[in-house]
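What follows is a single structure, written as structure tokens, with notes after it.
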Amino acid sequence: MSLQEWAESISGKELKSMPGTEYSYSNVNYNLLGVLIENVTGVSYREYMEENILVSYGLDSTYVGVPDDSERIIEGSRLGFRNAFEYKVPVREGSIPAGYFYSDAEDIGIWLKAWIGNADADMDSVISELVNEGDCYAGWERFEDDVIGHSGGTPNYSSRMVFSRSRGIGVCVLTNL
């Protein structure tokens, strides 16, 4: 299912609340952003992200969706009956903006450096919206002690990235579970 087909499939659905009146985290928002990017730019979400984000940050080993070389992927798994078992989830084009990026440790380090402020990147527009503990913006949230983080997950992977600009440190934990 393409992003456009996905958007059409949810068109007309009843909203939980009126826009701007309530906060609720949802991956639907990321897919909608993907559709907007395609409609405004006239190129696919994948192409836009690769050309405008990945290349500009030098993320040479980060992929929008599954890379062509599937040897670079460690399959995800699930827990069941006290054991982990392989759990393959097909990556649909209409779900990619909600978290189907694949990256290696070196690229994750580059990304963390950008957030910490040790790279030629401007993340201040996002960080400036995260003033008080509990603030959420653009998928990121502020915790105590100047820590900002984002967690993510799919049915077979999970991640947590946190950093502190004032301390100049960042950590990313990735699991295939």
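The values are calculated or read from the model by the stated rules, or taken from the named source; none is laboratory data. Fair warning: this is a prediction, and the values are worked out from it, not measured in the lab. Virtual Cβ from ideal backbone geometry, glycine too; neighbours counted across all protein chains shown. Please note that ligands, DNA and RNA were not included when accessible areas were found on the heavy atoms of the full protein model with its side chains. Shrake-Rupley method; radii C 1.70, N 1.55, O 1.52, S 1.80 Å.
Candidates in region 17-32 are the residues that are touching a residue at least 24 places away in the same chain (Cβ under 8 Å) and part of a loop (DSSP other than H, G, I, E, B); of these, the one that is farthest from Pro97 (Cα to Cα) is Tyr23. In region 105-118 there is no residue that is closer than 24 Å to Trp6 by Cβ and touching a residue at least 24 places away in the same chain (Cβ under 8 Å).
Every listed requirement among (1) surrounded by fewer than 17 Cβ atoms within 10 Å (Cβ to Cβ); (2) out of contact with any Lys or Arg (no Cβ under 8 Å at 6 or more places or on another chain); (3) closer than 30 Å to Ser9 by Cβ; (4) free of Cβ contacts under 8 Å to residues at least 60 places away in the same chain is met by Tyr100 save one, (1).
This table checks each residue for (1) of a type outside the set (Asp, Glu); (2) at pLDDT 90 or above; (3) open to solvent by 50 Å² or more (accessible area, probe 1.4 Å).
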position	(1), (2), (3)
Gly76	yes, no, no
Leu79	yes, no, yes
Tyr87	yes, no, yes
Gly109	yes, yes, no
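In region 1-38, the qualifying residues are those that are touching an Asp or Glu at 6+ places or on another chain (Cβ under 7 Å) and not polar (S, T, N, Q), and the one that is surrounded by the most Cβ atoms within 10 Å (Cβ to Cβ) is Leu3. If you go through region 122-154 and pick out every residue that is within 19 Å of Gly99 (Cβ to Cβ) and open to solvent by 80 Å² or more (accessible area, probe 1.4 Å), you end up with 1.
One line per residue, one yes/no per condition, for (1) hydroxyl-bearing (Ser, Thr, Tyr); (2) out of contact with any Phe, Trp or Tyr (no Cβ under 9 Å at 6 or more places or on another chain); (3) more than 16 Å from Gly152 (Cβ to Cβ):
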residue	(1), (2), (3)
Glu5	no, yes, yes
Ser24	yes, yes, yes
Tyr63	yes, no, no
Phe101	no, no, no
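When Ser159, Ser70, Ser166 are checked against the criterion of being modelled with pLDDT of 90 or more and surrounded by fewer than 16 Cβ atoms within 10 Å (Cβ to Cβ), a single residue qualifies: Ser166. When region 39-53 is filtered for residues that are under 14 Å from Gln4 (Cα atoms) and buried (at least 17 other Cβ atoms within 10 Å of the Cβ), the ones remaining, listed by number, are Ser44, Tyr45, Arg46.
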